[in-house]
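**Student:** One structure follows; several queries about it will come next.
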Amino acid sequence: MKTDGKTLFGQMPDGTPVEEFLLQSGPFSCRIITYGAAVRTLTVPDRAGRPVDVALGFDRLEDYLRQDKYLGAILGRYANRIGGSRFTLNGQQFLLNANDGANHLHGGNVGFSHQVWAAQEWGADFLTLSLLSPHGQEGYPGDLHVQVAYALQNGALSISYRAQSSRDTLCNLSSHIYFNLSGHQSGPVAGQYIQLHAGRYTPAAPGGIPTGEIAAVDATPMDLRSPQPIGAHIAAPFPQLVQAGGYDHNWAVDGWDGSLRPAARAWSPDTGISLEVLTTQPGVQFYTGNYLTGCPAGKGGVPYGDRWGFCLETQYFPDSPHHPGFPSPVLAADQPLRSQTVYRLGIAEHP
């Protein structure tokens with residue numbers, strides 16, 4: 001059923017409808033569902049002009065409800081991890097729901113990725129979604145009003161985030177799109193190229209919680225400043241990679257000052273499709289889909305497996321409330337939060 005540019009994608013167990021919106025701009029298109037504000041498809045032309053869907057996703061709402069991989073979703077109230085599922089703000093301790101061992105991951109049991117957003121405005125190439133996270137949800141203080149605006153224009157998918165809280169709180173919003181620039185159905189991404197504009201990263205202890213150090217990448221497999229295949233060093237006997245089963249770390253974006261800056265670049269030799277990531281955020285989590293096995297079959301029945309996609313999650317650093325040296329994710333009461341990330345797609349003949 002289609003009405004005013006939207007399609008009914010499914011219904012939640014309580015009967016709440018989940019809608020899908022199609023954005024189009026020339027040969028580029030994108031489908032976004034209101035469950036988790038998730039990007040379900042992102043179709044772009046390859047070097048021969050053929051359409052390639054470069055985002056992992058599912059064909060049925062039931063599979064989004066079953067999976068625990070956050071495919072395509074918006075993450076919040078706090079993307080990534082908070083150690084011990086607690087934090088202190090203004091002298092008061094707040095206890096969060098633990099959903100990753102003892103830690104809090106991607107907003108908890110019912111984070112923004114697991115809620116149905118409301119469509120506010122939409123057109124041929126844009127969609128604005130909103131959500132209210134009430135005071136106390138998952139343990140966070142303040143009524144938080146969130147708005148996410150998608151725009152597909154000039155070969156780029158832009159995500160603009162807005163938020164405002166009734167009380168001082170934490171707010172760290174991100175997107176968990178899994179990219180496969182050879183096509184979502186094409187298999188592991190080891191041969192695709194990655195480049196991060198970051199000379200430092202945050203080493204993590206077991207469980208993915210940062211140690212507090214912001215370490216130089218020099219002379220380690222974490223040095224991705226020059227383009228290289230994702231699989232080039234992913235199996236190196238480097239403790240950080242062994243511990244995480246591959247790349248799943250936060251890098252500090254070079255020269256971060258709150259303006260829109262280059263954070264990463266990726267490229268597929270198979271299709272020639274390139275991806276540039278620009279962000280106003282201080283960090284980017286490069287995750288190589290190390291634990292995708294076990295999720296439901298993807299679009300068209302494709303059996304997604306480990307490392308079939310990679311994520312470039314722009315963010316405040318993980319566990320920032322416990323590390324005063326990290327950029328602060330505190331959102332003051334009644335002060336607007338604004339951030340933006342742009343995924344620019346194109347064609348290139350070399351990394």
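Coordinate-derived values only; no laboratory data. Just so you know, these numbers come straight off a predicted model, no measurement behind them. No Cβ is skipped: glycine too gets one built from the backbone with ideal geometry, and neighbour counts run over all protein chains shown.
**Student:** Give me the Kirkwood hydrodynamic radius of segment 120-207, using the inverse of the mean 1/r over all pairs of distinct Cα atoms, in Å to one decimal.
**Tutor:** 16.8
**Student:** For HIS233 and ARG47, calculate 0.36 nm times their separation in residues minus their Cα-Cα distance, and state this gained length in nm to one decimal.
**Tutor:** Between HIS233 and ARG47, full extension yields an extra 64.2 nm.
**Student:** Can I ask one more? Out of GLU19, GLU138, GLU121, any idea which swings most in a Gaussian network model of the chain, alpha carbons joined below 10 Å?
**Tutor:** Sorting by GNM fluctuation, first place goes to GLU121.
**Student:** What nm value, rounded to one decimal, do you get for the distance between HIS350 and ASN109 when each label is placed 7 Å out toward the C-beta?
**Tutor:** It is 5.4 nm.
**Student:** Additional query: Which value results for Rg/Rh of the chain when Rg is the Cα radius of gyration and Rh the Kirkwood radius based on the inverse mean 1/r?
**Tutor:** Rounded to two decimals, Rg/Rh equals 0.94.
**Student:** What is the set of long-range amide H partners of ALA264 at a cut-off below 5 Å, with H atoms built 1.01 Å from backbone N?
**Tutor:** Hits under the 5 Å cutoff: HIS197, VAL277.
**Student:** Moving on to the next point. Report the full-extension gain for the segment ASP254 to ALA297: residue separation times 0.36 nm, less the Cα-Cα distance, to one decimal in nm.
**Tutor:** Value of the extension gain: 11.7 nm.
**Student:** Let me check against my output: what whole-number percent is the relative contact order of segment 230-351, with C-alpha pairs under 8 Å and at least 6 apart?
**Tutor:** Rounded, it is 28 percent for segment 230-351.
**Student:** Which ³J(HN,Hα) values, rounded to whole Hz and listed in residue order, are derived for segment 187-203 from phi using the Karplus coefficients 6.51, -1.76 and 1.60 in 6.51 cos²θ - 1.76 cosθ + 1.60 with θ = phi - 60°, glycine and proline given as x?
**Tutor:** So the Karplus estimates, Gly and Pro as x, are x, x, 9, 4, x, 7, 9, 10, 9, 10, 8, 7, x, 9, 9, 10, x Hz.
**Student:** With viscosity set to 0.692 mPa s at 37 °C, what whole-number translational diffusion coefficient in µm²/s follows for segment 1-102 from Stokes-Einstein and a Kirkwood radius over Cα pairs?
**Tutor:** 202
**Student:** Moving to a separate point now. Extension gain ASP306-ALA102, at 0.36 nm per residue separation less the Cα-Cα distance, in nm?
**Tutor:** Stretched fully, the ASP306-ALA102 segment lengthens by 71.0 nm.
**Student:** Just to be sure I understand: with springs between alpha-carbon atoms less than 10 Å apart, which residue in THR211, THR43, THR314 has the highest mean-square fluctuation in the Gaussian network model of the chain?
**Tutor:** With Cα springs under 10 Å in the chain, the top fluctuation among THR211, THR43, THR314 is at THR211.
**Student:** Along the Cα→Cβ direction, 7 angstrom out, place labels at ALA205 and HIS145. What is the inter-label distance in nm?
**Tutor:** 4.0
**Student:** Sort THR341, THR288, THR41 by Cβ crowding within 10 Å, fewest neighbours at the top.
**Tutor:** With the fewest neighbours first, THR341, THR288, THR41 line up as THR41, THR341, THR288.
**Student:** Something else now. Sorting ASP14, ASP168 on the 10 Å Cβ count, fewest up front, what's the list?
**Tutor:** Fewest to most other Cβ atoms nearby, the residues stand as ASP14, ASP168.
**Student:** Would you calculate the separation in nanometres between label points at GLN92 and SER130, each defined as 7 Å from the Cα along the Cα-to-beta-carbon direction?
**Tutor:** My value for the distance between the label points is 2.6 nm.
**Student:** Just need the relative contact order of the chain here, percent rounded to a whole number, with Cα pairs under 8 Å and 6+ apart.
**Tutor:** Relative CO of the chain lands at 18 percent.
**Student:** Just PRO282, PRO227, PRO336 to compare: in a GNM of the chain, with alpha carbon springs under 10 Å, which one fluctuates most?
**Tutor:** Looking only at PRO282, PRO227, PRO336, the largest GNM fluctuation is found for PRO336.
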